[in-house]
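Working notes, structure below.
The values are calculated or read from the model by the stated rules, or taken from the named source; none is laboratory data. Bear in mind that the values here come from a model prediction, so they are computed numbers and not experimental data. FYI the Cβ positions are ideal-geometry reconstructions off the backbone, even for glycines, and counts take in every protein chain you see.
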Amino acid sequence: MSILKRRPSMTLAQALLVLGLSAAPALAQDTAAPAPQPSGQPAFVPQTVTYASAADAAAAAQKFAEEARSTYPKGSANIDQALWTQAASAAEAAVLAEPDNAGYLKLRAQIYTEVGFWRQAEVGWAAYFKAVPAVPGSREAQQAGQAQYNLGYSAYVRNQPDLAARYFAECLKFDPQSAQCAGWAARTALEGGDYARAQTLYAQAVALTPADKTLAYFRGLAQKAADYGPAATGAFSRAYAELDAGRKDRALEGFQAAARSAPNFAEAWRQAGRLALDMGNAQAALEAYQGAIALPTADATDRFNLALAQEGAQFGLDAVRTFRAAYGRYTAGDKVAAESGFQQATVQNPAYAKAWAWLGRTRYEAKNYAGAAEAYGRAVALDPGDKSSAYYLRLAQQGK
């Protein structure tokens, strides 16, 4: 006779309290200390349901799960969806009735994994693996690793690196072929100053996904991290994560902090400069590329971007970019498009003498002498020392 049959008056919620599976996430044994509920995952409140037997409860859980998969959009599974709530509640009832039944334990863990309820998934897999020892790399172990990975990432974004590192390490125990866990375990090691371990883990991650340029990039960074120190390396890595998440302002601050902490950190200066240019912050870009250009590793790209930042700080990045695009069209032979671009640059910043000068040149070459005289006149007024513009201004005024 099942537990539920013998105790018909006990609600599922009451029974869960007896087992320590209340609405608050339970502690998983033999795993890293659990983190608070990850953001975006409300506490699960099981429905009050009763079933004649554990088998009936398990069958109901499977039925509700199948209905949920066919009802809700693919990839949207969530514990708040009614059918998934019913599936999880029924699975809990099955486990409550027969707590040593491996099939029911796995069913419950799989449901929590599918809906992304990672704290309860961790608890569920821990219970299942007590009944059936984990086989690293098996389908079940991979699902348990998925829960550990998500808990680790949640801890990482809450700035709990030690806890995150433990979760990622647990993930690798379950799923040694998980490139994402190897990569994030490497990142936490890198930020923690354990450069040897970071290099080993990045090598493992790169071997698993050779085409992942980000992993290869950070593998190279780990090899040079000792030259920059943990403060700069940690700030850089965090900034990269902020950039991945789309938080550009915070990412820029992080790259700047890394570069200022270790002025020899060329890639920190470059990342700050590239991001600042992308954000239209010419002054920040100027500071960044001045830092990069001062190092022996400075290259032609650094010099090009420094010039862009310098000119952008004076005339505005939009106008400078428009001018450079127009110049590219001019050198390609499309002088009509170039003229239009140079004119647009003068509209974006009427004080941009060079744009006026090149607008004059395209008009002069098209024998539009009146238009050329107007443009060259503005260029000379803004930059009296521009002898070339003064010369062609006289020619344009003479119509020759």
Residue pairs, Cβ under 7 Å, 6 or more apart or interchain, first in the range 348-365 and in the same structural domain as TYR392 (by TED's automatic domain parsing), second outside any helix (DSSP H, G or I). List them. GLN348/GLY316; ASN349/GLY316; ALA353/ASP383; ALA353/ASP386; ALA357/ASP386
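Table: residues versus (1) under 21 Å from the mean Cα position of the chain (by Cα); (2) within 15 Å of ALA144 (Cα to Cα).
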{"residue": "LYS173", "(1), (2)": "no, yes"}
{"residue": "THR188", "(1), (2)": "yes, no"}
{"residue": "GLY192", "(1), (2)": "yes, no"}
{"residue": "ARG197", "(1), (2)": "no, no"}
{"residue": "TYR202", "(1), (2)": "yes, no"}
(1) modelled with pLDDT under 50; (2) of a type in the set (D, E, K, R); (3) within 30 Å of PRO161 (Cα to Cα) all hold for ASP80 apart from (1)
From ALA97, ALA68, which residue is closer than 14 Å to SER53 by Cα, assigned by TED's automatic domain parsing to the domain that holds VAL123 and either touching a residue at least 40 places away in the same chain (Cβ under 8 Å) or surrounded by 14 or more Cβ atoms within 10 Å (Cβ to Cβ) (or both)? ALA97
Any idea which residue in the range 104-121 is farthest from TRP84 (Cα to Cα), counting only those that are touching a residue at least 40 places away in the same chain (Cβ under 8 Å) and of a type in the set (Lys, Arg)? ARG119
Meets criteria (in contact with a helix residue (DSSP H, G or I) (Cβ under 7 Å, 6 or more places away or on another chain), modelled with pLDDT of 95 or more and under 22 Å from CYS171 (Cα atoms)) for ALA251: no
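For every residue, the table says whether it meets (1) at pLDDT below 95; (2) among the hydrophobic types (A, V, I, L, M, F, W, C); (3) touching a Pro at 6+ places or on another chain (Cβ under 8 Å).
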residue: PRO25; (1), (2), (3): yes, no, yes
residue: GLN29; (1), (2), (3): yes, no, no
residue: PHE44; (1), (2), (3): yes, yes, no
residue: ASP56; (1), (2), (3): no, no, no
residue: PRO73; (1), (2), (3): no, no, no
residue: TRP84; (1), (2), (3): no, yes, no
residue: ALA88; (1), (2), (3): no, yes, yes
residue: LYS106; (1), (2), (3): no, no, no
Contact list please: Cβ distance under 6 Å, first residue in the range 383-400 and on the phi > 0 side of the Ramachandran plot, second residue surrounded by 12 or more Cβ atoms within 10 Å (Cβ to Cβ), pairs at least six apart or on different chains. GLY399/TYR369
For the range 166-184, enumerate the residues that are assigned to a helix (DSSP H, G or I), over 15 Å from ALA155 (Cα atoms) and either touching a Pro at 6+ places or on another chain (Cβ under 8 Å) or of a type in the set (Gly, Ala, Ser) (or both). LYS173, PHE174, ALA179, ALA182, GLY183
What are the pairs with Cβ atoms under 9 angstrom where one residue, in the range 169-192, is over 24 Å from ALA239 (Cβ atoms) and the other, located anywhere, is of a type in the set (D, E, K, R) and surrounded by fewer than 23 Cβ atoms within 10 Å (Cβ to Cβ)? Sequence gap at least six, or different chains. PHE174/GLU140
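Taking into account only those residues within the range 131-146 that are part of a helix (DSSP H, G or I) and in contact (Cβ under 8 Å) with a residue 24 or more places away in the chain, which is nearest to the chain's Cα centre (by Cα)? Steps first, please.
Step one: of the range 131-146, the residues part of a helix (DSSP H, G or I) are 131, 139-146.
Remaining after also requiring in contact (Cβ under 8 Å) with a residue 24 or more places away in the chain: 131, 140-146.
Working: ALA131: 37, GLU140: 27, ALA141: 26, GLN142: 23, GLN143: 22, ALA144: 23, GLY145: 20, GLN146: 18 Å.
Looking at the filtered set, the residue picked out is GLN146.
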